[in-house]
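Structure first, then comments.
The values are calculated or read from the model by the stated rules, or taken from the named source; none is laboratory data. Computed from a predicted model, the values in this text were never measured in an experiment. With ideal geometry, Cβ positions are generated from the backbone for all residues, glycine too; neighbour counts draw on all protein chains shown. Remember, those area values only see protein heavy atoms, side chains included, never the ligands or the DNA or RNA. Shrake-Rupley method; radii C 1.70, N 1.55, O 1.52, S 1.80 Å.
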Amino acid sequence: MLLGVTGGIAAYKTPDLVRLLIKKGFDVRVAMTKNAEQFVTPVSLRSVSGHRVLTADWDTQEDPFDHLNVGAGLSVALIAPATANFLGKLAHGVADDLLLTTVLALECPLYVAPAMNPRMYANPAVQENIKTLTARGITVIPPSAGAMACGDEGEGRLPALETLVALMEKAAGLNADLSGKKIIVTAGPTEEPIDAVRFISNRSSGRMGVAIAEAARERGAEVTLIHGPLAVPVPDNMTDVPVRTAKEMLDALTERFAACDMLVMAAAVSDFRPARVSDAKVKKNGAELSIALEPNPDILERLGRMKGGRVIIGFAAETENLLANAREKLMKKNLDLICANDVSRSDIGFDSAYNEVHIIGRAGEPVLLGRMEKRALAHRILDEAVKLLPPSRAAAQG
Ligand code: PMT
C-alpha cells in the first residue's frame, strides 16, 4: 500500500501508523510533501517502512518516473493526515508536487483522512472539496472529535490509528474477521419517564457503543445498533433501532437476539423506573413530592439465559471494587467477557472520548486496556471477542 503524508501536526503519528500496518501484513511505501517534513522526517519513515521514501525533492529520486512506478500493483492508498491544502489541490487536479502527481496516477482505491483545526474543517470550501472527492469515488474518512493540539475542541483529529488500519485491511481484503457475522450493539442511556416532560436518565453519551458498532462494521460485520438518545450521530451502513426506555430496549433485543452471533451491551440501562407515569406535567404545589421507583428488567440477565452458542459481552460501570463487582456481573449474567470501567473518573467512561477497561473472561487473568480513544479501544475489545466466535464453516473446512 501507499501512505501519503501531508503537513499537519498529526503527521508525527505516521511512524506508529506504518508500524501497525506492517504488523498486519502490509508492505508500506511512503510518499510525503515538503511541509510534512516539518513534522516527521523521511529518515524516520524510511527506518520503519524499510523502503526509500518519496519526498518532494525530485533531485533525490532514483527514477524520474517514481511517481508512476510507485502506484503499480498497489492494493490501496491512504493519505493521512490530509491537510485542507492537499484536499483542495486534489479536488482540482493540481499536481504541483510528487505526492499529488503520484496520487493522480493511482489506479487503486484511495482513502483520505482529513486532519486539521475544527474551524478549518467546517469551512464551506473544505466541505465542498470533500464532496467533490467523495463524488469521484475517493473515500474520505471522517475525523474524530476532541481536543486539538491548538487548544480548540471539535471535529478535526486524525481518527485512531487502529481505525485507519482496520479500514486499510478491509479495503485490501485482509481483515474481514467479522464478515458474515450478525452483531448487535447497544449504546447510550435509557430514559424512564416521570411525567409528560420529565425523565430519569444518566450521563451516557453513546460514544462507547457507537465506536464498537463502527469497528464491527469496519471488520465486515452486519451491525444492528439499538440505542437510547445519543450525543453522537449513528454511523452509516448499519441497522438503526432507536429506543427510549429499558423496556423498549428489552423488546428490541428480544426480537433480534435469536438471529445474532454476538451481542455487545455498552448501553447504560436505567436500573429503576418510576412506578407510575403521569400523562400530564406534574404541577408543583409547594408540598414535597416522592417518586416511587420499581426495578427495570435486567436485560443481559434475561438474554444470558437464552445464550446458546452466541457470544455476549457486557460492560460493568463501577465506582468501587471494580474487578470483583465486574466478575460477579460476568457470572450472574452468563457473559463471555465483561469490560470493567471505573466511572468515578472524569478522564474516561461516561461522556468522554476516552475509556480504559479491564477485560475479564470466564477464565484467566483480567487484561488491562489502558486509557485510549474509544474508537481504538473498540477494536481492541473486538480483537478479544473474535477469538470466542465459533470458526466459520468455510474456515473449519479449509
Ligand atoms: O456512553 P458513553 O458516554 O460512551 O459511556 C460509556 C459507558 C460508561 C456507558 C460504558 O462504557 C458502560 O460502562 N456501559 C455499561 C453501563 C451499565 O449500565 O453498567 P452496569 O454495571 O450498571 O450494568 C452491567 C451490564 O448490564 C451492562 O452491560 C448493562 O448494559 C447491562 N444492564 C444493566 C442494567 C439493566 N437493567 N439491564 C442490563 O442489561
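Is it fair to say Ile360 is assigned to a loop (DSSP other than H, G, I, E, B) and assigned by TED's automatic domain parsing to the domain that holds Thr186?
Criteria not met by Ile360.
Hey, could you check the range 265-297 for residues that are farther than 30 Å from Leu389 by Cβ and in a strand (DSSP E or B) and say which is least open to solvent (accessible area, probe 1.4 Å)?
Pro274
Does the range 198-218 hold any residues that are more than 8 Å from the ligand (Cβ to nearest atom), surrounded by 24 or more Cβ atoms within 10 Å (Cβ to Cβ) and hydrophobic (A, V, I, L, M, F, W, C), and which are they?
Once the filter is applied, which keeps residues that are more than 8 Å from the ligand (Cβ to nearest atom), surrounded by 24 or more Cβ atoms within 10 Å (Cβ to Cβ) and hydrophobic (A, V, I, L, M, F, W, C), the range 198-218 yields Ile212, Ala213, Ala215, Ala216.
Taking the condition of being touching a Pro at 6+ places or on another chain (Cβ under 6 Å) and either open to solvent by 30 Å² or more (accessible area, probe 1.4 Å) or outside the structural domain of Val28 (by TED's automatic domain parsing) (or both), how many residues in the range 150-170 meet it?
So the count comes out to 3.
Of all residues in the range 316-341, which are assigned to a strand (DSSP E or B) and open to solvent by 40 Å² or more (accessible area, probe 1.4 Å)?
Correct list: Ala317 only.
If a residue has to be touching a strand residue (DSSP E or B) at 6+ places or on another chain (Cβ under 8 Å), outside any helix (DSSP H, G or I) and within 12 Å of the ligand (Cβ to nearest atom) to count, how many in the range 298-315 make the cut? First the steps, then the outcome.
Within the range 298-315, the first condition is being touching a strand residue (DSSP E or B) at 6+ places or on another chain (Cβ under 8 Å), and the residues that meet it are 299-300, 303-304, 310-315.
So of that shortlist, the ones also outside any helix (DSSP H, G or I) come out as 310-315.
Applying the additional criterion that residues be within 12 Å of the ligand (Cβ to nearest atom) yields 312-315.
Matching residues across the range 298-315 total 4.
Which helices (runs of 4 or more DSSP H) sit wholly inside the range 105-187 and have at least 3 residues that are farther than 29 Å from Ala72 by Cβ?
Answer list for the range 105-187: 118-122, 124-135.
Out of the residues in the range 325-350 meeting the condition of being among the acidic types (Asp, Glu) and within 14 Å of Arg371 (Cα to Cα), tell me which one is nearest to the ligand (Cβ to nearest atom).
Asp342
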